[in-house]
Amino acid sequence: MTRASLVRQITDFANRANPYPLYAELRRTPVLHEEEGDPYVISSYWDIESLLHDPRISSDASNLAEPGADELGENTGLPPSFIRLDPPEHDRLRRIANSAFGPPHKPRRVDDMRPELHEIVGELIDGFGDAREIDLVDQFAYPFPVTVICRLLGVPREDEPRFRAWVDPIVAGLDPDTRQSDPEFVKNVQEARTQLGMYLAGLVEQRSKEPGDDMLSDLAAGKGPDGSMTVMEILSTAVLLLIAGHETTVNLITNGMLTLLRHPEYLHRLREDPDLAANIVEELLRYEPPVQLVPQRTCITDIEVRGVTIPAGSRIWLMLAAGNRDPERFKDPDRFDPDRSDLQHLGFGSGIHSCFGAPLARLETQIALAELARRLVEPRLVEDPPPYRPNAVLRGPRHLPVAFEGVRP
Ligand code: HEM
């Protein structure tokens, strides 16, 4: 492996099924910059952690000397959402969004969704019917998070199929391969975005007149200490929650089941003790994180990392998945070990942009994996490794065929 090719190898599909040997190679040059115009790639745990907290590092794409594609595919025609903003705008919008989502104003929002999450998971597993083999992605992991976001935002149940029909092409459009190649597909994605935007605008208007117990109603009412969001800001936030919370959760559930099927002793233990789900999910976020790297950072002044000067305006890639396997941080990092006592992973990022939806993502995945472990009789992998999606940032299998002997009630 020549050093000059390492950055290209991060996006090379050939490394998708097992990128970890490449990440080990990257960690040997903790600040890697190969050619003019390439990003500065940071791969060790402590450097990533420190840069995620550094106010000289910006998430605002307008600070980039050479703006590139937006890997989250968030090109919606709406104002930038808070994931792409710096303080003070980021903090204002995140605080308002949080006043409709978590403590101190809505401390029970996520926990109160627990019965609904069980219900959605139960219905999806019941839907396997008499089958003895399913695609866990299409039949379970993919439909689950979008239904959850609908309930969180307050999309009426009768509208969920319409909502999903718009979300499907938008989320499929996040894959770099599908994004630009087919003009018809690109047109459909654009159309879906417009339709979804119009639908959400109508819903916000309706919720401001007749509020329910949902996030959009709270955001539309907007009486918190930080003031309120404009309608456009509410729409950007809703689309952000949808996009940031969808494929990430699909991949955590799918990577999770794949890892458990490769380590059946933990699948067995989870069946016996569903409380183990909390540790399993944390270790998965370290061992197989759905967000492999954060490529949307730039430095606003020259900064020095390990003796290397990174010039202002440079693009920085923070390799979360490489940091999570850094032997200077974790003992025996390539071992899947949910019994670790120290699980301070980078799977949800860190610092001011750390994952807003983490409590929901954790609960969704804990319930999903515990229920799959409990209900599937003798599940096993059909294909290992399974086929992967092209995306190097949001990494996960495109399909995960799983065979089993039956479904317990
Ligand atoms: C397993 C599932 C998930 C993973 C692995 C994940 C991971 C991440 C990561 C790594 C970041 C940091 C990005 C950065 O620093 O630029 C992030 C931010 C974010 N996530 Fe998640 N996420 C997940 C699920 C969710 C869900 C379910 C939601 C919404 C309900 C959500 C909403 C957000 C938002 C709004 C941000 C931006 C936070 C900010 O800029 O302040 N995420 N997520």
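Derivation of every value follows stated rules applied to the coordinates shown; laboratory data play no part. Predicted model only: the values in this text are computed from it and were never measured. Heads up, the Cβs are rebuilt from the backbone with ideal geometry, glycines too, and the neighbour counts pull from every protein chain shown.
Structural remarks
- Residue-by-residue Karplus 3J(HN,Hα) for the stretch 400-409, coefficients 6.51, -1.76, 1.60, Hz, glycine and proline x: 9, x, 10, 9, 7, 9, x, 10, 6, x
- The stretch 276-351 and the stretch 99-163 have Cα centres spaced 28 Å apart.
- Normalised by 2.2 N^0.38 Å, where N is the number of residues, the C-alpha radius of gyration of the chain stands at 0.97.
- Derived value for the stretch 343-384: Kirkwood hydrodynamic radius 12.8 Å. Basis is the mean of 1/r over every pair of different alpha-carbon atoms.
- Coarse-grained scattering of the stretch 252-325 at q = 0.17, 0.18, 0.22, 0.27 Å⁻¹, given as base-10 log I(q)/I(0) from a Debye sum over alpha-carbon atoms: -0.70, -0.74, -0.94, -1.19
- Backbone amide hydrogens, once placed in the peptide plane, bring residue 58 within less than 5 Å of 298, 299, 300, excluding anything fewer than 5 places away on its chain.
- Each helix, a run of at least 4 DSSP H residues, gives -39500 (n - 2.57); summed and divided by the residues of the chain, these come to -14000 deg cm²/dmol at 222 nm.
- With at most 14 other Cβ atoms within 10 Å, longest stretch of the chain clear of loop GluC sites (Glu not before Pro) (DSSP): 37-327
- With at most 14 neighbouring Cβ atoms within 10 Å, loop trypsin sites (Lys or Arg not before Pro) (DSSP) excluded, longest segment of the chain: 133-222
- Choice from 127, 347, 245 showing the highest fluctuation, given a GNM over the chain with Cα pairs closer than 10 Å: 127
- By the count of other C-beta atoms within 10 Å, a proxy for reagent exposure, 113, 215 are ordered fewest to most as 113, 215.
- Note on the stretch 295-383: percent of Cα-Cα distances in each 10 Å bin, starting at 0 and stopping at the bin with the largest distance, equals 12, 28, 34, 18, 7, 2.
- Added length on full extension, which subtracts the Cα-Cα distance from 0.36 nm per residue, residue 304 to residue 20: 99.6 nm
- Among 291, 167, the ranking by other beta carbons within 10 Å of each residue's beta carbon, starting with the fewest, stands as 167, 291.
- One equal scatterer on each Cα of the stretch 251-290, no solvent, Debye formula: the resulting log10 I(q)/I(0) at q = 0.18, 0.19, 0.33 Å⁻¹ is -0.41, -0.46, -1.21.
- The chain: relative contact order in percent, alpha carbon pairs under 8 Å with at least 6 residues between: 27 percent
- In this simple spin-label model, placing a label point 7 Å from the Cα along the Cα-to-Cβ direction at both residue 105 and residue 162 gives a separation of 2.8 nm.
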